Amino acid sequence: MKVLYLTSEAVPFIKTGGLADVAGSLPKELKNLGVDIRVVLPMYETIDEKYKSMMEKVTEFYVDLDWKHQYTGIYQLDFDGVTYYFIDNKEYFSRSYPYGFGDDAERFIYFSKACTLLPKEINFKPDIIHSNDWHTAMVNVFVNDFRHGDSYYDDIRTLFTIHNLKYQGVFDPDVMRLAGLDGGYFNENDLKYYDAINFMKGGIIHATAVNTVSENYAREIHYPFYGEGLDGVIRQYDYKLSGIVNGIDYKQWNPKTDKLIDYNYDIKTIKNKSKNKLALQKLYDLPQREDVPMIGLVSRLNEMKGMDLVRYILDELLSEDIQFVVLGTGEYTYEEMFKYFAWKYPEKMAARIYFNSKESNKIYAASDFYLMPSISEPCGISQLIAMRYGSLPIVREAGGLKDTVVPYNEYTGEGTGYSFSNINAHELLFAIKNAISIYKDNPKAHQQLVKNAMNIDLDWQISAEKYLDLYEKTKA
Ligand code: GLC
């Protein structure tokens, strides 16, 4: 099985969101399963010198975008057992940040076209070209388009993974001329989306198979609420859509060996977990108390992450005997809100409005609960990390949160966390209050949940096997 895996970001080279975590882990696991997988990324200027100096230029060619004849350098890096190709073009990728520029449409049409041409240039003909999110969605269109004149593409199949349907890549139809796509593609059953073109829509329509990052999200996006304006297209192409939940790298995320936390622990030495709580309380100037339930939240602070629900109940929540620690950045209104409540309740709340991976690991290790009340969550990764670190997730039953967190059942003792179903701030508050009361009044039940959470196996290997199955099914 030969796979060309396309992504606009991957750990450790470049990261703005969860896609980078997936693209940093999944190819490695597929490689372990015997797949000849090669990953393609843009050669961003901000990639660390340390990696750049290990790369080797293997070839160069030109990509035509209408009247433009664009240089394309290919650099290879073998890293951690996986082969990476970086596509070099200074005009498009010598920038301080991956996205958010006026020419993003052109930049990612260029990248996608270069990726479609790449197999011939490096003499690696994949069975599957696996693209991710809007940035590489146009590859699926190009492969179909190239088939008209070039039989090389006849037996190459495509898989398109949607990590978040919200970000679609909607642009002025003018770029179709640059892409070299004729007017036939500008119709309702193709790239056209109102008066614009939509890369993600193109990816869904043209890919051989499509998947999302959890089974529940694959169901949800059939409906207008989660469909982000594409639910009609999703229903129409439902026959080629499936869901595969993400995993986390169990070697990387392990409280027993994590060097960023103060005290290592596992289920047997779980007592050490509370030492991490004392250490974090010291770091964040909170009263040092082992017995107080601590809730952690490490997140991008935006509406989709459910921050309005949190805002609505913070006063009530902070009248309880708890501590609440927040780490992250995002929309100004939520940053200010958390700063305000930290000022108002200095003994109970710490808000650190920046991102720092060391502190984020310390929060997973220190907290008893982990808050994730997302309005929409295609999969979510931090709830998986939280469980691994014995911090019980309190989640809304959206997308992958529903697939990965088993809510506490007081009759059977089963569960790995707590959940609530409606977008209702008081449902969230009751879920938290319930969790706290069990922590305080029934420590045995709480400890059992911690054990359950630390014991579930959400290692990437399981998900990688499902991707391999999907590749087999999709292959020519
Ligand atoms: C996106 C989604 C998130 C998912 C991640 C990786 O960031 O919003 O839910 O976990 O992609 O697939």
### Message
For the stretch 130-148, check the following and say yes or no: at least one residue is outside any helix (DSSP H, G or I), more than 26 Å from residue 56 (Cβ to Cβ) and open to solvent by 10 Å² or more (accessible area, probe 1.4 Å).
### Response
yes
### Query
Within the group 124, 101, which residue is surrounded by 13 or more Cβ atoms within 10 Å (Cβ to Cβ) and at pLDDT 95 or above?
124
### the stretch 391-419 - residue that is part of a loop (DSSP other than H, G, I, E, B), small (Gly, Ala, Ser) and crowded, with 24+ Cβ neighbours inside 10 Å and, of those, farthest from the ligand (Cβ to nearest atom)
391
#### Entry: Whichever residue in the stretch 19-59 is open to solvent by 10 Å² or more (accessible area, probe 1.4 Å) and β-branched (Val, Ile, Thr) and, among such residues, is nearest to the ligand (Cβ to nearest atom)
46
### Query
Could we say that residue 290 is open to solvent by 60 Å² or more (accessible area, probe 1.4 Å), more than 21 Å from residue 384 (Cα to Cα) and within 22 Å of the chain's Cα centre (by Cα) here?
no
### Task
Considering (1) within 26 Å of the chain's Cα centre (by Cα); (2) open to solvent by less than 70 Å² (accessible area, probe 1.4 Å); (3) more than 16 Å from the ligand (Cβ to nearest atom), say which one residue 457 fails and leave the rest.
(2)
#### Entry: Those residues of the stretch 235-272 which are open to solvent by 70 Å² or more (accessible area, probe 1.4 Å), basic (Lys, Arg) and under 30 Å from residue 189 (Cβ atoms), in sequence order
235
### Query
Do we have any residue at all in the stretch 355-367 that's among the aromatic types (Phe, Trp, Tyr), surrounded by fewer than 24 Cβ atoms within 10 Å (Cβ to Cβ) and within 16 Å of the ligand (Cβ to nearest atom)?
yes
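Each row is one residue, and each column tells you yes or no for (1) in a loop (DSSP other than H, G, I, E, B); (2) of a type in the set (D, E, K, R); (3) in contact (Cβ under 8 Å) with a residue 24 or more places away in the chain.
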{"residue": "256", "(1), (2), (3)": "yes, yes, no"}
{"residue": "266", "(1), (2), (3)": "yes, yes, yes"}
{"residue": "279", "(1), (2), (3)": "no, no, yes"}
{"residue": "312", "(1), (2), (3)": "no, no, yes"}
{"residue": "316", "(1), (2), (3)": "no, yes, yes"}
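The values are calculated or read from the model by the stated rules, or taken from the named source; none is laboratory data. Note that this is a predicted model, so its numbers are computed, not measured. Positions of Cβ are backbone-derived with ideal geometry, glycine not excepted, and every protein chain shown enters the neighbour counts. The accessibility values were calculated without ligands, DNA or RNA, using every heavy atom of the protein model including side chains. Shrake-Rupley method; radii C 1.70, N 1.55, O 1.52, S 1.80 Å.
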